[in-house]
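All remarks here apply to the structure that follows.
What follows draws every value from the coordinates through simple rules; no lab data is involved. Since this is a predicted model, take the numbers as computed values, not measurements. Positions of Cβ are generated from backbone atoms using ideal geometry, with glycine treated the same way; all protein chains shown enter the neighbour counts.
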Amino acid sequence: MLFIPNMNIKNEHHTLTATCAVGLESLIEDEIEAFGGKDISCGRGVVFWRGTLSSAYRSCLWSRFSSRILLHLYEFTVTGEDELYRECLAKPWLEHMGLQTTFAVDCTISDGGHINHSHYAALRVKDAIVDYFREKEGDRPSVDTLRPGIRVHLHVDKAKATLFLDLSGESLHRRGYRVSGARAPLKETLGAAIVALSGWLKSDTGALVDPMCGTGTLLIEAAMMYGDCAPGLSRDYFGFMGWLQHDKDLWRDLLDEAAVRAETGLQGDWPVITGYDCEPVVVGSARNNVERAGFGNYIRVKQAELTTLQPSTGKGMVLSNLPYGERLSEREQVSYLYKAFGRICRERFSGWDIGVFISNADLTDSFSLTWKQRYRLFNGTIPCRLLVGHVGGVGFPFRWNELPEVKKEEGSEFGNRLKKNLKKYLRWAEREDITCFRVYDSDLPEYNVSVDLYDKWVHIQEYAPPKSIASELAERRLKDAVRQVKEVLGVRSNRVFLKTRQRQKGKKQYQKKDSRGKLYEVREGVCYFLVNFTDYLDTGLFLDHRPLRQKIFQQAKGKRFLNLFAYTGSATIHAAVAGAASTTTVDLSATYTKWTKMNMTLNGLSVEKHSVVQGDCVEWLRDCKGTFDMIFVDPPTFSNTKKEKRIFDIQRDHFDLIKLAMSRLDRFGVLFFSTNYKRFALDIRLKDIFDLEDISKKTIPFDFSRSKKIHMCLEIKKKKVDGGGEGSERN
């Protein structure tokens, strides 16, 4: 039976439906109106309208936000699968397809009533179509679930069944430019919606920067919009191409029009569009996608970590789909990434617009930015938020105010000494841009405490009093010291933290003291760290190592850096932020390796790029095959490993440790060794084997100059033989 197409179908008005992700309906409504649609209405994830075939084709070719375009064929009432079969068998399928037309059937059920199994319902429709052709033509068409000639879609809502022709054939998010996707890729339709809702195109269209661009979806969709390029122009398949009523001339005209518009849009001056990602494989995929999309001359994709992000042009927008952290174990890490993202934008992108796409609304405040718009969107089944705002000027860093007068009363000796110290150290700290430093360290024998300032917080440690001091007197003096710290600095109790520091032996020095789990963000130079004032004896940042960390920062660019007994990885952070080629951080503690990773994230560093190893440092060194340009070794005075029953003693074991570490050092490299063991005596054999320089005096900071033995620090290099070669090592 030969079907003769209706020659007036081009001008007929059809009932059409666009499906989409929830939250994109209003965007599609505006598109449909521009495509000539009439009687437009919206539901949850759907947009309905009446329009000509031209309106339908334009939707397939030009809609940036729709998932599928469906043309209404038939509607009927059903009370079960048998009635569904009979109704479909009676429909004139020869008007839409022939024996040589492959087909597929999909089904969705919103409220099934008597029909509640979508796969079985689709099979019944398929059977009806096959039986229809056997009855009419004596043969059956073939099924192709991947790229059928036509795709029939059944939707069941209670007793109402509707059959549609899926004009899109496959989801419209498949633009044809994606070579490969990264983890959890962003669908192109959602990417286009993020760009549209961000307001980038409605502004002066300055630069667009995506600091974590993945495979480049946001960048490519933004370029398509700016260049007036139809998102479907590169597709070679649509669901209407095998439809017997397909108007080839109309489709060819629409394609020619789209090609002219794209060619025109690619001309003239373009804004700078740049993407960054830290993973080389992902960057490669993004560049391939950009080339396939035809924007190789308009979009730049570079390998870089968030910490290196800098504006390369005037003003514009920073827009990114950030990692979500859906699992509870990832949420804390992601919150620090958001802190880093917000801080970098505040410090370097003042005056820019900003948009971030995240899933966890509870982390909105992590950015410390003001949001003008908040959109509720979905990435698949994941509820998300698009936050859009403007970056104002950088806020002033915290500085201690003028100190209030200390009351002249009995017991104010400590307060007067503290104020005297503060006048000296605050001027020095402001001049050197230092925010974490010591201002008092047992200056008066009666007040055996240390007082450290960490930005706007105060950390007080009481050293265990000698047995000759009555406990009641020591307690009274401690209370007096805390009171006067608050008075002198003018701080509330919630910014003052107090610990009692006693002489510790073995593993006790690292045992947990509390379990509040509260971490505070502080700054050292251009690096940021998380400190804990309550749970451990130490805060997570050794203040006396500040000059050594600065030395590492100054020398680490382009170097392979190794940090052993790394604690919370502060030296690693300085090396990585300075531009080290690679960093490796080793510590036995799971707590401290996790802390290191959080510090990395807080600084916009990729935990994938920088290796963090939980393990015994000595054993790791024995197994290590690589070499490093710079090594930092800061072992504990004493430690034991419960699992291996191995004991480390700095005095006894430092010779073997240093020799082993030096075996992994490049011949032109440097190793920094540090210990705070006050009775430490260097094994003189090391002086015969290596070039050693005692740099302790150079690395003791001004605020610790009261104690010349706060730590010992050595700079160690391999001996050079005549002619510049590497010297031999001997026992």
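Per-structure values
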read-out	value
Span per principal axis, largest first, for the Cα atoms of the range 527-579 (Å)	37, 18, 16
Cα pair distances of the range 184-283 binned at 10 Å [whole percent]	13, 37, 31, 15, 4
Computed label-point distance, nm, for sites Asp691 and Glu608 using a 7 Å Cα→Cβ extension	4.0 nm
Cα-based Kirkwood hydrodynamic radius, the range 267-408, one decimal, Å	17.5 Å
Tail weight of P(r) past 17 Å, computed on alpha-carbon pairs of the range 14-166, percent	63 percent
Residues in the range 45-60 that a label on Arg376 would reach, taking backbone N under 20 Å of a point 7 Å out along Cα→Cβ	45-47
Two-decimal ratio, the range 242-287, of alpha-carbon radius of gyration to 2.2 N^0.38 Å	1.95
Nitroxide proxy distance, nm - points 7 Å out along Cα→Cβ at Lys456 and Lys424	2.9 nm
Packing rank of 209-216, 652-659, 682-689, where each peptide gets the mean count of other beta carbons within 10 Å, highest leading	209-216, 652-659, 682-689
Helix 471-489 vs. the chain, principal-axis angle (Cα, 0 to 90°, nearest 10)	60 degrees
Kirkwood-based shape ratio for the range 413-503, expressed as Rg/Rh from alpha carbons	0.97
P(r) of the range 541-718 over all Cα-Cα pairs, binned every 10 Å from zero, in whole percent	10, 40, 39, 11, 0
Nearest-0.05 FRET efficiency for Val143 and Glu521, computed from C-beta distance (R0 60 Å)	0.50
For Gly113, distant residues with modelled amide H under 5 Å away	Lys158
Order of Glu413, Glu487 under a 10 Å beta carbon neighbour criterion, fewest first	Glu413, Glu487
Contact order relative to length of the chain, as percent, for alpha carbon pairs under 8 angstrom and 6 or more apart	8 percent
For the range 330-456, alpha-carbon Rg relative to the globular expectation (2.2 N^0.38 Å, N residues)	1.58
Considering only the chain, percent of DSSP beta bridges that pair antiparallel, nearest 5	60 percent
The range 330-338 - phi-based ³J(HN,Hα) in whole Hz, Karplus 6.51/-1.76/1.60, Gly and Pro as x	9, 4, 4, 4, 5, 4, 6, 4, 5
Long-range amide H partners of Asn379 with built H, under 5 Å	Cys384
Between 0 and 90°, nearest 10: helix 188-198 axis offset from the chain longest Cα axis	70 degrees
Ranking of Ser450, Ser320 by count of other Cβ atoms within 10 Å, fewest first	Ser450, Ser320
Stretchable slack from Leu123 to Phe668, in nm (0.36 nm times residue separation minus alpha-carbon distance)	189.0 nm
Whole-Hz couplings from phi, Karplus 6.51/-1.76/1.60, listed for the range 230-238; x for Gly and Pro	5, x, x, 5, 8, 6, 10, 8, 9
Hz values of 3J(HN,Hα) by residue in the range 295-303 - Karplus curve (6.51, -1.76, 1.60), Gly and Pro given as x	10, x, 8, 10, 10, 10, 10, 10, 8
Amide H within-cut-off set for Leu562, under 5 Å, with H built and near neighbours excluded	Thr584, Met630, Ile631, Phe632
Those residues of the range 189-218 whose amide nitrogen sits under 16 Å from the label point placed on Trp270, 7 Å along Cα→Cβ	201, 205-210, 216-218
Angle between the chain longest axis and helix 248-265 axis [Cα atoms, degrees, rounded to 10]	30 degrees
Packing rank of 223-231, 192-200, where each peptide gets the mean count of other beta carbons within 10 Å, highest leading	192-200, 223-231
Arg50/Ser110 FRET efficiency (R0 25 Å; Cβ-Cβ; nearest 0.05)	0.70
Two-site label geometry, Glu33 and Asp82: point separation in nm, points 7 Å out along Cα→Cβ	5.0 nm
Protection-proxy order for peptides 47-57, 266-276, each taking the mean of Cβ atoms within 10 Å per residue, highest first	47-57, 266-276
